[in-house]
Amino acid sequence: MDSRLSLFAPCPRGLEQILADELLSLGAGDIAPTDGGVAFAGDARLMMAVNLHSRTASRVLLRLAHGGYHADQDIYRLAMGVDWPRWFDVSRTIKLKADGIAARVKSLDYIGLTVKDAICDRFRQTHQGRPSVDTRHPDVRVNVFLTADEATIYLDTSGEPLFKRGWREETGEAPLRENLAAGILMLAGYDGSQPLLDPMCGSGTFLVEAADIALNRAPGRARGFGFEALSSFDSAAWEKLQLDARKAEQPAASLAIRGSDRSQAMISIARANLERAGLADLIEVAAADVADTRPHAEHGLIVSNPPYGVRLEEQDQLAAWYPELGDWLKAHFAGWTACLFSGDLRLGKLIHLAPKRRTPLFNGSLQCRLFVINMVEGSARKQKDTGDNEIESEDGEQ
């Protein structure tokens, strides 16, 4: 394998700089953030380390070919130019996925088939037969990405997406993906030292990701990766990376992380997830309404994903509830910082508190904001003296 690999890590939109910082800390070079991901370079050891350690990447893709195209045949030729038998054995199953932005082709699915044909033809040239396709549990995944006039062919070194950490079985209705949750915690400034509360914890994603940060646990420690199926896989180097990661973990001790949710069913799911993540004895969770939840320390971070309504009546209920949420924060959480992630862009206005920051993020294709609100000591008293005007003085982008 070449010592220098050209790599690309997609991530949830809005987390590109956080991912770039992670890659820098892992020793990556040529770091170039772009919309929805970060390009970088490094050796095979770095590629494995990013898969193991990155909290915010969605995948780690290895770039094998890049070129312009006018017709489907140009993409076939580009794929034929890759020495596929060098990368994996013919006995490995494959899966093709084609994506594009403003791609000038009739069908992305057809482009996937075109590249699959090129891979099979390249293997046939070496008289090895052809690899089989397995769309459900492939050994090797190949991604094709098209713009209006350029095509890039990647080998997916991750396999399953990296937000699948290996601990989640049950989820709530719409769980936050683990890498987005980790990125939100990092944007909130969480480093594992602060008390943390999620009063709407759902299936416990923020709690597990926060604990992993606090205990310095590698997010990929409990799963397998696509690079293990490649011919160049160095199992000794991989075992050394895993061993070093285990040695770097903090000893398991009770954490100042708390979670609550008004749904007893969600708390049961959160407990099961904490159990599978090896955190059941370290984090307290309880069924409780937000309004009944109280701080467990003098200062700390609230990081939460409040519900946001899709239907009109839900939106009306939320519009009435946000001021109550603001009142609860003012009454009980002076000295804390509240970081609320929501797809309801009205929250910053309706909560009647002045967000210090509004960071645009995307949950899939849904435009969201991370509202960061500093709860100043004595803000409840100040509000009584001056009315709401001071609290509501900031008018952000909404």
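The values are calculated or read from the model by the stated rules, or taken from the named source; none is laboratory data. The structure presented is a predicted model; accordingly, all values stated were derived computationally and were not measured. Note that each Cβ is placed from the backbone with ideal geometry, even for glycine, and that neighbours are counted across all protein chains shown.
What to note about this one:
- Filter pass, LEU274 being surrounded by fewer than 19 Cβ atoms within 10 Å (Cβ to Cβ), modelled with pLDDT of 95 or more and not basic (Lys, Arg): no
- Any hit, the stretch 127-150, residues being buried (at least 16 other Cβ atoms within 10 Å of the Cβ), among the small types (Gly, Ala, Ser) and modelled with pLDDT of 95 or more: no
- Which numbered condition GLN264 fails, given (1) within 24 Å of ILE184 (Cβ to Cβ); (2) modelled with pLDDT of 95 or more; (3) in contact with a strand residue (DSSP E or B) (Cβ under 7 Å, 6 or more places away or on another chain): (1)
- Failed item in (1) in contact with a His (Cβ under 8 Å, 6 or more places away or on another chain); (2) closer than 30 Å to GLU209 by Cα, with THR152 passing the rest: (2)
One line per residue, one yes/no per condition, for (1) surrounded by fewer than 18 Cβ atoms within 10 Å (Cβ to Cβ); (2) touching a residue at least 24 places away in the same chain (Cβ under 8 Å):
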residue	(1), (2)
ILE283	no, yes
ALA286	yes, yes
ALA291	yes, yes
PRO307	yes, yes
GLN317	yes, no
LEU325	no, yes
ALA338	no, yes
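- Any helices (runs of 4 or more DSSP H) falling wholly within the stretch 161-270 and containing at least 3 residues that are touching a residue at least 12 places away in the same chain (Cβ under 8 Å) and in the same structural domain as ILE373 (by TED's automatic domain parsing): 178-187, 205-214
Conditions tested, residue by residue: (1) part of a loop (DSSP other than H, G, I, E, B); (2) crowded, with 21+ Cβ neighbours inside 10 Å; (3) not β-branched (Val, Ile, Thr).
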| position | (1), (2), (3) |
| --- | --- |
| SER6 | no, no, yes |
| ASP21 | no, no, yes |
| ILE31 | no, no, no |
| ARG45 | no, no, yes |
| ALA49 | no, yes, yes |
| THR56 | yes, yes, no |
| HIS70 | yes, no, yes |
| ASP74 | no, no, yes |
